[in-house]
1. Being within 16 Å of V269 (Cα to Cα) and touching a residue at least 60 places away in the same chain (Cβ under 8 Å) is the filter here; which residues of segment 225-240 pass it?
2. Of L301, L294, L260, which residue is surrounded by 15 or more Cβ atoms within 10 Å (Cβ to Cβ), modelled with pLDDT under 95 and not acidic (D, E)?
3. Condition test on Y141, is it part of a loop (DSSP other than H, G, I, E, B) and of a type in the set (S, T, Y)?
4. Just to be sure I understand the filter: pairs with C-beta atoms under 6 Å, separated by 6 or more residues or on different chains, first member in segment 111-130 and closer than 13 Å to L41 by Cα, second member at pLDDT below 95 and surrounded by fewer than 16 Cβ atoms within 10 Å (Cβ to Cβ). Which pairs pass?
5. Could you count how many residues in segment 204-233 are among the charged types (D, E, K, R), buried (at least 16 other Cβ atoms within 10 Å of the Cβ) and part of a helix (DSSP H, G or I)?
6. Somewhere in segment 145-168, is a residue at pLDDT below 95, out of contact with any His (no Cβ under 9 Å at 6 or more places or on another chain) and buried (at least 18 other Cβ atoms within 10 Å of the Cβ)?
7. Quick one: in segment 5-51, of everything that is loosely packed, with under 13 Cβ neighbours inside 10 Å, modelled with pLDDT of 90 or more and of a type in the set (D, E, K, R), which residue is farthest from L71 (Cα to Cα)?
8. Scan segment 108-146 for residues that are aliphatic (A, V, I, L, M) and within 11 Å of the chain's Cα centre (by Cα) and report the count.
Amino acid sequence: MFLAWTQTFCNIDPLRQKDYTDSMVHTAQEFQIKSRDGAELFAQYHDLPKARGLIIVTHGHGEHSSSYHRLYPILQDSGYAALGWDLRGHGKSQGKRGYIENFDLFLEDLGSVVQFAQSQLPKLQLSLLAHSMGGLIATSYLLKHQPQGIESLILSSPFFGVSLQVPLFKDLGAILLGKIMPHTTLFNEISDEQLSQDPEVLKEYPLDHFRHNKISPEVYMGSLRYQQYVERNIRKLQTRSFVQVPESDPVVSTEVTRKLVSKLSPDLVTLIEYRERRHEIYNDVGRQKVFSDLKNFLQSL
């Protein structure tokens, strides 16, 4: 059993382990992974006998790993086990909601999750799947740390740029606030209607007490730093990549993603755009097509 391995090989509190049943999905196993600085990161593992590989799922800002309860069965149907985890300051992981001391910690945390997966399931090839800010984190992690053993990178609406121009005074305000009151969190001003147009999904959002709309100065400024980092270094990406975006994303910039993808070889990256979709394409109307394209990519690996 996977949990038996985690007890033996990883620094996880066994008292906090239990079978996790999402009422909207199937049964998964949940546990804590220790990051390098000792922070506890919540994770959930969706097993599959004789899996072709393991996909690590990294959510976006304000979400959590169970936001992808519609996605995990799709990955399993494609022959892959899945490991979802909560960013620090999100979901069931440690940390103040929406706050991080340094954006670099997000990359280090993903590294801890990757190392955990590689130590526990060494025979399974790893792929990274990430949405929005998670996409920025996963791409930056690959470029900066160049880990071994990552077969593919799958991005959903990656946060490589904002959809609307942020006024200069807000940027300056974030810098000042980060210096004098770094623990302050503010509302991110993103509405549920910008995320999905599915009526059932919109009913779920306000009932999900693990979701939040808080953001701290360092999360904002750190994301800007790493957007610039990705722009400067994107040509160094050697991982086969699959990118799915709305044609006109109301939250993040589809145009910036197009420009970045254009710098990579067509043999290395595939970009698919979807008309009349909102930011969370895995939770939006018409997601059957999005899932079908994802399954086709996974079957090609």
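1. Start the filter on segment 225-240 by keeping residues that are within 16 Å of V269 (Cα to Cα), which leaves 230-231, 233-240.
Answer for segment 225-240, where residues must be within 16 Å of V269 (Cα to Cα) and touching a residue at least 60 places away in the same chain (Cβ under 8 Å): V230, E231, N233, I234, K236, L237, T239, R240.
2. Values: L294 fails: modelled with pLDDT under 95; L260 fails: modelled with pLDDT under 95.
Being surrounded by 15 or more Cβ atoms within 10 Å (Cβ to Cβ), modelled with pLDDT under 95 and not acidic (D, E) holds for just one of L301, L294, L260, which is L301.
3. Values: part of a loop (DSSP other than H, G, I, E, B): no; of a type in the set (S, T, Y): yes.
In short, no.
4. S112/R36
5. Filtering segment 204-233 for residues among the charged types (D, E, K, R) gives 204, 208, 211, 214, 218, 225, 231-232.
Now restrict to residues that are buried (at least 16 other Cβ atoms within 10 Å of the Cβ): 204, 211, 214, 218.
From the residues that got through so far, the ones that are part of a helix (DSSP H, G or I) too are 204, 218.
The qualifying residues number 2.
6. Yes - at least one qualifying residue is present in segment 145-168.
7. D37
8. So the first thing to find is which residues in segment 108-146 are aliphatic (A, V, I, L, M), and the list is 110, 113-114, 117, 121, 124, 126, 128-130, 133, 136-138, 142-143.
Pick out the ones that are also within 11 Å of the chain's Cα centre (by Cα) and you get 110, 128-130, 133, 136-138.
Qualifying residue count for the region: 8.
The values are calculated or read from the model by the stated rules, or taken from the named source; none is laboratory data. Here the structure is a predicted model, which means the values were calculated and not measured. In this analysis, Cβ positions are derived from the backbone assuming ideal geometry, glycine residues included, and neighbour counts consider all displayed protein chains.
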